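Below: one structure, written as structure tokens.
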Amino acid sequence: MDATDRAAAELLDAQDPLAGFRDRFVVAEPDLIYLDGNSLGRLGHAARQRLAEAVTEEWGRGLVRSWPEWMRRPAQVGDLLAEHLLGARPGEVLVADSTTVNLYKLAAAALDARPGRRVVVTDDDNFPTDRYVLEGLAAQRGLELRMLRTDPVEGVRADQVAEVLDERVALVSLSHVAYRSGALADMAAISALARAAGALTLWDECHAVGAVPVALDADGADLAVGCTYKYLNAGPGAPAFLYVRAELQPHLRQPIWGWFGQRDQFAMGSRYDPAPDLRRFATGSPPILGVALVEEGAKVLAEAGIGQLYAKAQALTGLLVELADRWLAPLGLTLASPRDPARRGAHVTLAHPDALRISRALIEQAGVVPDFRTPDRLRLGPAPVATRFVDVWDAMDRLRRLVHSGAHEHAPLEPSGVEPETTP
Ligand SMILES: Cc1ncc(COP(=O)(O)O)c(C=O)c1O
């Protein structure tokens, strides 16, 4: 059936094995098309209930008596993520801190484990916090930061990494799925190259977890971090996760010597003696309410199955790309994501010189929430667990009408402070 016919999208919804999952989420404004699940995922009904229970029962009634159970949770929820979404073994994933803090901890630990090597490799299209953390570490330690020039549409390539690897490189730190274009990096190839050169790899899984099948163990990643407020739907500022390959754990030491990483935490000993396992990568008291929400988010995705989620993400973005080619290319909006679905995550980006105004007008005039990314990118993230094919169709229809009418040209350029381009 012709994709420009709405009936084609309706048929895809009718055949969608994940269609029922939308009802698991709060849809407060049914006419609002939300295409920013790759920035902040929706609130789940189970998450809302769990938060109320955690506050009322675990905290309100249980008080400090809940801590023995709470102490176990960051590792338990880490194991849930490991099994269903990250391709890791039990004891390799911990829910803790923020992505930024985990990046710092793991990058510093990796650099300490490669004394004598003075180079850190990343790419200029990596997410800002990643680049800044690495820049900071390089400045503090007098290291060289080798910045790959990455094609902002196609993403970082293994052969580019191969070119800059040598015996001076300690760490290669990249995003698995590029935040701007959605380009999917070849984690297996790049990790193998880095390992052969004696370097460690640190992967940012923020835009990959819950969107594409991630196989940290099988693909040979050494270290990884990621956030839980995007596809995992754990809520704003929810705690992040970190992954450390089991074989490396005894050999790495992170720089924040907090009491939650201590071998015998409640002995209150005089010197820091890190736990022998993953626990050494913990710092201080975990944000228990946030960890509970990560668990609820992970449970929903585990039930849907990452294979099915990925298949649906490819179909949703496939429809989006097809409609963009047919309707939007003639209006000057061009595809700024890899065209091959196997080479991208679950979001698609379009380029237009007036993308900022288009983004604002879409929100204010057309009831569609995308986000803007510099310099001229409109990012569309149809999170597969809660987005229908008709949502993609209607959003593209509203977008083409908007741009065709020129109504976006009157949207203000000055930020009011609430647009998605000023949010994480
Ligand atoms: C790829 C990537 N890394 C890191 C972050 C943010 O890290 P943090 O949760 O520490 O703010 C984001 C946020 O959007 C991201 O997209």
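The values are calculated or read from the model by the stated rules, or taken from the named source; none is laboratory data. A quick note: this is a predicted structure, and the numbers were derived from the prediction, not measured. Cβ: placed from backbone, ideal geometry, glycine included. Neighbour counts: every protein chain shown. Surface areas here come from the heavy atoms of the whole protein model, side chains and all, with no ligands, DNA or RNA. Shrake-Rupley method; radii C 1.70, N 1.55, O 1.52, S 1.80 Å.
Place a +1 charge on the Cβ of each Lys and Arg in the chain and a -1 charge on the Cβ of each Asp and Glu, then give the dipole magnitude about the Cα centre in debye, rounded to the nearest 20. Don't skip to the answer; put the middle values down first.
Details: 45 positive and 57 negative charges, 197 e Å.
Using Cβ point charges on Lys, Arg, Asp and Glu, the chain gives about 940 debye.
Taking only the C-alpha atoms of the stretch 321-424, the Rg (one decimal) and the largest Cα-Cα distance, Dmax (whole number), read 12.9, 38 Å. The separation of the stretch 124-197 from the stretch 255-333, counted between C-alpha centres, amounts to 20 Å. Between R271 and D166, the simple label model (points 7 Å from Cα in the Cβ direction) yields a spacing of 4.0 nm. Remark on the stretch 111-162: Rg and Dmax equal 11.8, 35 Å (Cα only).
The relative contact order of the chain, computed from alpha carbon pairs under 8 Å that lie at least 6 residues apart in sequence, is 21 percent.
With the simple spin-label model, which puts each label point 7 Å out from Cα in the Cβ direction, the W67 to Y132 separation comes to 3.4 nm.
So for the stretch 1-152, averaging the separation of alpha carbon pairs under 8 Å that are six or more residues apart and normalising by length, what relative contact order in percent results? Normalised by residue count, the contact order of the stretch 1-152 is 12 percent. Highest mean first, the peptides 227-238, 25-36 sorted by other C-beta atoms within 10 Å per residue fall in the order 227-238, 25-36. Compared with the dominant Cα axis of the chain, that is its longest principal axis, helix 187-196 is turned about 30°.
Keeping the other protein chains in place, figure out the carbon and sulfur percent of the accessible area of the chain, with a 1.4 Å probe. List each step's numbers first, then the result.
Numbers: 9550 of 17070 Å².
Answer for the chain: carbon and sulfur cover 56 percent of the accessible area.
For the peptides 81-93, 318-330, the ranking by packing is 81-93, 318-330, with the highest mean count of neighbouring Cβ atoms within 10 Å listed first.
Charge tally around I288: other residues with Cβ under 15 Å, Lys/Arg +1 each, Asp/Glu -1 each, net -2. Counting only alpha carbon atoms, the long axis of helix 288-304 and the longest principal axis of the chain meet at about 60°. Take the Cα of R89, step 7 Å toward its Cβ, do the same at A113, and the gap between the two points is 1.4 nm. Which value in Å is the Kirkwood Rh of the chain over different Cα pairs? It works out to 22.2 Å. Taking a straight line from the alpha carbon of K230, these aspartates and glutamates sit under 12 Å away, with near neighbours fewer than eight places off in the same chain left out: D36, E205.
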